[in-house]
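K.L.:
Below: one structure in structure tokens.
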Amino acid sequence: MAKKEPKAPSFEEALNELESLVETLEQGDLSLEDSLKSFERGVSLTRTCQQALKEAEQKIQILSDQRIDAEPEPFERDD
């Protein structure tokens, strides 16, 4: 049976979780292993937020374009 991929969180969900992770890490009460896991999750959430913002920016550019035949153009990744 194929393993289901977890659903990506919405921008708001990812941002809320990221803020919570930052608060937890700033308290300094986690073990090194837990801190690394939290950091790794934070990186993933940051990428999710960045992608959502890029997609929103692209939609705004399309909607702002005066040409009737305007099409989305792929963004180049900064990675």
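K.L.:
If you check residue 39 against the conditions, is it aromatic (Phe, Trp, Tyr) and over 8 Å from the mean Cα position of the chain (by Cα)?
P.N.:
Yes: the conditions hold for residue 39.
K.L.:
Given the residues 61, 66, which is the only one that is surrounded by 12 or more Cβ atoms within 10 Å (Cβ to Cβ) and either within 14 Å of the chain's Cα centre (by Cα) or modelled with pLDDT under 95 (or both)?
P.N.:
Every option except 61 fails the conditions.
K.L.:
Name the single residue, out of those in the stretch 7-43 being more than 24 Å from residue 53 (Cβ to Cβ) and of a type in the set (A, V, I, L, M), that is surrounded by the fewest Cβ atoms within 10 Å (Cβ to Cβ).
P.N.:
32
K.L.:
Next question, about the same structure. Against the condition outside any helix (DSSP H, G or I) and at pLDDT below 95, how does residue 76 come out, does it pass?
P.N.:
For residue 76, the condition - outside any helix (DSSP H, G or I) and at pLDDT below 95 - is met.
The values are calculated or read from the model by the stated rules, or taken from the named source; none is laboratory data. Not measured: the values here are computed from a predicted model. Positions of Cβ are backbone-derived with ideal geometry, glycine not excepted, and every protein chain shown enters the neighbour counts.
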